[in-house]
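The values are calculated or read from the model by the stated rules, or taken from the named source; none is laboratory data. Predicted, not measured: the structure shown is a model, and the values here were computed from it. Please note: Cβ atoms are built from the backbone with ideal geometry, for glycine as well, and neighbour counts cover all protein chains shown. Calculation scope for accessible area: heavy atoms of the full protein, side chains included, ligands and nucleic acids excluded. Shrake-Rupley method; radii C 1.70, N 1.55, O 1.52, S 1.80 Å.
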Amino acid sequence: MQRTSISEALASAGPRTGITVCGWVRTRRDSKGFAFLELNDGSCLKNLQCIIDEGTQAWSALEGVNTGAAVSVCGDLVESPGKGQKWEVHAEGMTVFGLADPAVFPLQKKRHSDEFLRTIAHLRARTNKYGAAFRIRSEAALAVHDYFRALGYYYVQAPILTGSDCEGAGEMFRVTTLPVDGGPKPASGNVFENDFFGKQASLTVSGQLEAEALACALGKVYNFGPTFRAEHSYTPRHAAEFWMVEPEAAFNDLWDNMELAEGLIRHVVRHVVERCADDVALFDKFVAPGLLDGLRDMMDKKYARVSYRDAVKLLQESGKKFEYPVSFGTDLQTEHERFLAEEYFRSPVTVYDYPKDIKAFYMRMNDDNETVAAMDLLVPRIGELVGGSQREERLDRLEGRITELGQKVEDYWWYLDLRRFGSVPHSGFGMGFERMIMLLTGISNIRDVLPFPRTTGSLEF
């Protein structure tokens with residue numbers, strides 16, 4: 001079937017004859033001698049009005065067609081006399097692909113709560129809000145690829161199955177082919193001897209380590225894929241499955257890393273604001289008033305930078321009462337991050353040089369032996385959007401940190417080889433893609449920017 005998308009039809013430069021549009025009926029209104037159907041095919045926020053006159057083939061196919069039905073309509077695209085729409089279709093024929101019983105179709109009302117829509121994730125993308133969110137998600141992903149390609153980065157795919165714990169957090173999903181009861185215990189004492197890999201395997205929490213290896217050969221790479229955390233968390237910022245953007249670059253230091261992260265945010269925001277104007281306007285009007293002004297600020301304003309030590313001092317002297325007291329050596333909480341970005345600096349801000357005791361083993365030790373060359377980029381409404389560091393390229397320092405944090409040096413033999421054979425200064429970061437979509441839409445819960453969210457106790461779809 002040769003069809004015209006609704007976005008293409010609405011953007012037409014002039015009338016067109018004999019076009020075919022397909023979509024789902026949003027509304028149906030009947031009058032004497034004719035009927036109006038509002039169609040949406042997901043290609044844009046707006047609907048296309050179709051006029052069906054009595055006596056046409058389309059009229060004879062109308063029986064049972066209501067909200068939710070899937071149809072194709074053929075006819076002429078003509079100027080519309082109605083307000084707020086430039087074009088409409090005068091239908092000649094219609095094919096009904098699938099009806100939706102109005103007695104049970106759950107999207108009859110114009111507005112539903114997010115909580116209810118999470119229970120029907122397979123249908124919620126047909127609503128204005130979620131259709132807009134997932135179009136923005138698509139454009140944001142394209143912008144990520146465009147940004148790194150323009151800078152000469154190679155797109156790589158890190159493995160999802162891993163035998164390493166990148167973060168050292170121990171909150172990983174185990175992957176096994178063993179029976180549920182574990183089966184008979186091998187005499188060797190290795191409980192994974194009869195498992196598929198012969199050792200414990202997990203879903204990855206990050207593709208960073210593998211990206212580092214490829215960066216030490218290709219120079220500049222980025223991984224963009226799913227990651228997993230087995231956290232029993234019910235916060236609006238955490239999910240068990242989510243996507244990460246993870247660049248790694250050889251010969252880059254911490255300051256290069258900051259420039260790269262700031263440029264990525266600006267590029268993605270600008271791309272989405274320009275390419276998804278109607279969708280962003282929807283969120284600006286109905287979800288997060290002021291969203292568009294905030295996004296424009298992120299495109300144009302200079303981003304602030306402050307050391308962790310100075311950030312703690314600012315928080316302590318702010319006069320603001322926080323739920324979690326802050327002092328040197330404590331990790332910054334969302335309330336601290338948002339205060340810095342929203343109230344103190346009123347712009348995105350990068351906090352750098354964190355205490356080593358609250359950061360991962362692979363971050364480069366600073367000369368003070370107390371802090372590491374780490375960075376977090378904080379943005380209004382979200383808090384931390386990007387977390388990264390200059391990586392520790394010195395073999396002895398890296399081995400010492402692995403041991404200090406209670407992990408086994410032998411588990412990272414291949415990672416340590418990168419320091420044995422042609423080690424170079426290098427840096428990288430991880431950007432939570434869902435948090436970026438929350439920033440772009442004003443949506444406050446990560447479950448609502450994932451098409452099919454995976455959270456504690458939720459694996460229905």
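My understanding is that a pair violates if its Cα-Cα distance is over 22 Å; which of 285/321; 301/356; 46/301; 109/129; 199/408; 199/356 do that in this structure? Result: 285/321; 301/356; 46/301; 199/356 exceed 22 Å. Oblate is the label for the range 175-260. Its Cα gyration tensor axes, ordered a ≥ b ≥ c, give a/c of at least 1.5 and b/c at or above a/b. With each label modelled as a point 7 angstrom along the Cα→C-beta vector, the residue 36-residue 399 pair spans 7.7 nm. For every other residue with a beta carbon closer than 11 angstrom to the beta carbon of residue 38, add +1 if it is Lys or Arg and -1 if Asp or Glu, then tell me the sum. Summing Lys/Arg as +1 and Asp/Glu as -1 gives +3. Inter-label distance, residue 103 to residue 285: 3.6 nm, where each label sits 7 Å from its Cα along the C-beta direction. Accessible area ranking (1.4 Å probe, heavy atoms, ligands and nucleic acids excluded), largest first, for 113, 427: 113, 427. The average projected area of the range 244-345, computed from the convex hull of its Cα atoms over all directions, is 8.7 nm².
Can you tell me how the chain classifies by the Cα gyration tensor, rounded, prolate or oblate, using a/c under 1.5 as the rounded cut? Here the chain falls in the prolate category. In summary, the aspartates and glutamates within cross-link reach of residue 185, defined as a Cα separation below 18 angstrom excluding same-chain residues under 8 places away, comprise 193, 195. Taking 41 Å as R0, compute the FRET efficiency from the Cβ-Cβ separation of residue 255 and residue 231 and round it to 0.05. In this case the efficiency is close to 0.80. Let me know the shape class of the range 1-138, please: from the alpha-carbon gyration tensor, a ≥ b ≥ c as square roots of the eigenvalues, rounded when a/c is under 1.5, otherwise prolate if a/b is greater than b/c, or oblate. Note, shape of the range 1-138 comes out oblate.
Think of it as helices only: each DSSP H run of n ≥ 4 in the chain is worth -39500 (n - 2.57), and spread over all residues that comes to -8500 deg cm²/dmol at 222 nm. Taking the 1.4 Å solvent-accessible surface of the range 1-159 as the whole, the part contributed by carbon and sulfur is 51%. Simple spin-label estimate for residue 367 and residue 115 gives 5.6 nm between the two label positions (7 Å along the Cα-to-Cβ direction from each Cα). A straight Cα-to-Cα reach below 20 Å connects residue 110 with the aspartates and glutamates 30, 38, 41, 101, 278, 279, 284, 448, residues fewer than 8 places away in its own chain not being considered. When all protein chains stay in place and ligands, DNA and RNA are ignored, the 1.4 Å accessible-area order of 116, 339, largest first, is 116, 339. Cβ-Cβ distance of residue 301 and residue 60, R₀ of 56 Å, FRET efficiency by 1/(1 + (r/R0)^6): the value works out to about 0.40. Phi angles of the range 307-314 translate, via the Karplus equation with coefficients 6.51, -1.76, 1.60 and θ = phi - 60°, into HN-Hα couplings of 5, 4, 4, 6, 5, 4, 5, 4 Hz per residue; Gly and Pro are given as x. The phi torsions of the range 125-141, fed into the Karplus equation with coefficients 6.51, -1.76 and 1.60 and a -60° offset, translate into couplings of 5, 7, 7, 4, 4, 7, x, 5, 4, 7, 5, 4, 4, 4, 5, 5, 5 Hz, rounded to whole numbers, with Gly and Pro shown as x.
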